[in-house]
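The values are calculated or read from the model by the stated rules, or taken from the named source; none is laboratory data. Predicted model only: the values in this text are computed from it and were never measured. Counting neighbours? That spans all protein chains shown, and the Cβs are built from the backbone with ideal geometry, glycine included. Side chains are part of the model used for accessible areas, which takes the heavy atoms of the whole protein and leaves out ligands, DNA and RNA. Shrake-Rupley method; radii C 1.70, N 1.55, O 1.52, S 1.80 Å.
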Amino acid sequence: KRDRSAGGVPRRINARWLLAAAAAGVLAVTVFLGVGPWFRSARVPDPEMQALRERPLTYSAGFERSPSFSPDGTRIVYEGGDAEGASDIFVMFVGAGSGRPVRVTADPRRDFQPAWSPDGTRIVFARMLKYRRHTLASQIELILVSPVEDSPARSLGVFYSRTAQIHPAWSPDGRFIAFSCKIDAPRGLKQICIYSLTQGRAWPVTRPSGEVGDGHAIFSPDGKRILYQGSGKLHILNLSTEMLPQGKPQPVAEDFVYPHPVGWSRDGERVY
């Protein structure tokens, strides 16, 4: 072909380039239309993903927070409250025909941070007795209750926390509860404490530092360690059979302002 605009200088176009350009054009059209078999298969929805849909479980006019599935996955427990700051503990079945939530507590004070026992027969939660700011810690009661309406409650003791966050968590065997508090003083940094349901008493297992103290303790699947936050780090602490600290806590993650551990892998080899 002669290109007259270039002064009539003959120029050849390689046939291989023409074929490559044509193939690229066909490929572009195929991608755009999604008619190629490999693109078509990628566009087919995954049946398992189709089953995942967000839907509300509660419909109250107030707020709901701190939800947790029961060990068998049939119920959730959560804190539900109003704009005035009062809240109660509710339990609700999930799935078809779940019905209305059951109010487990009906105290005028704030009930919060519920956690299921490993067998699903009990719930531990915190009740705000006296809220204080600044250097003095709030007064919080740790309470045990069954997940049914109007069930009698059992007080596990009154403790203190400057952040009003104690986050109770059960040991895998259901004999102990780890939480964050000061046991007998309204001043000072909160520690990770362990309550024995058989002995009826609590004791600290960490020595906190920093500005806030230690919090968000979670037992490992074998019950021999706890994962918790402290001084902007995540730590793992080994425990004896008597639930006393063994050795020094080992940091597993650093450079976090407020790291909140979520849990352990099922084999206890990883944390997230």
Original post:
Can you tell which of Met128, Ala106, Val205 lies farthest toward the positive end of the dipole of region 81-209, using +1 and -1 charges on the Cβ of basic and acidic side chains (Lys, Arg; Asp, Glu)?
Top reply: Val205
Original post:
For region 114-200, which whole percent of the accessible surface, found with a 1.4 angstrom probe, sits on carbon and sulfur atoms?
Top reply: 47
**OP:** Sum up the charges of everything whose Cβ sits under 15 Å from the Cβ of Glu64, counting Lys and Arg as +1 and Asp and Glu as -1, but leave Glu64 out.
**Re:** +1
Subject >> Per residue value of the accessible surface for region 178-272 (all protein chains in place, 1.4 Å probe), Å² >> reply: 55
Original post:
Taking the Cα-to-Cβ direction at Ala253 and at Arg109 and moving 7 Å from each Cα, how far apart do the two end points lie in nm?
Top reply: 3.3
**OP:** Pick out, in residue order, every one of the GluC sites (Glu not before Pro) in region 115-224 that is DSSP loop and has at most 16 other C-beta atoms within 10 Å; say none if there are none.
**Re:** Glu149, Glu211
**OP:** Evaluate E = 1/(1 + (r/R0)^6) for Arg53 and Arg100, where r is the Cβ-Cβ distance and R0 equals 35 Å; express this FRET efficiency to the nearest 0.05.
**Re:** 0.95
Original post:
Nearest 20 debye, what's the magnitude of the dipole of region 205-248 about its Cα centre given +1 on Lys and Arg Cβ and -1 on Asp and Glu Cβ?
Top reply: 140
Subject >> Nitroxide proxy distance, nm - points 7 Å out along Cα→Cβ at Val262 and Ile183 >> reply: 3.3
Subject >> Cα centre as origin, Lys/Arg/Asp/Glu Cβ charges: region 66-163 dipole, Debye >> reply: 400
Original post:
So between Thr121 and Ser231, what do we pick up on full extension, going 0.36 nm a residue minus the alpha carbon distance?
Top reply: 36.1 nm
Subject >> Nearby lysines by direct alpha-carbon distance to Lys248 (threshold 24 angstrom, same-chain neighbours under 8 apart not counted) >> reply: Lys182, Lys190, Lys224, Lys233
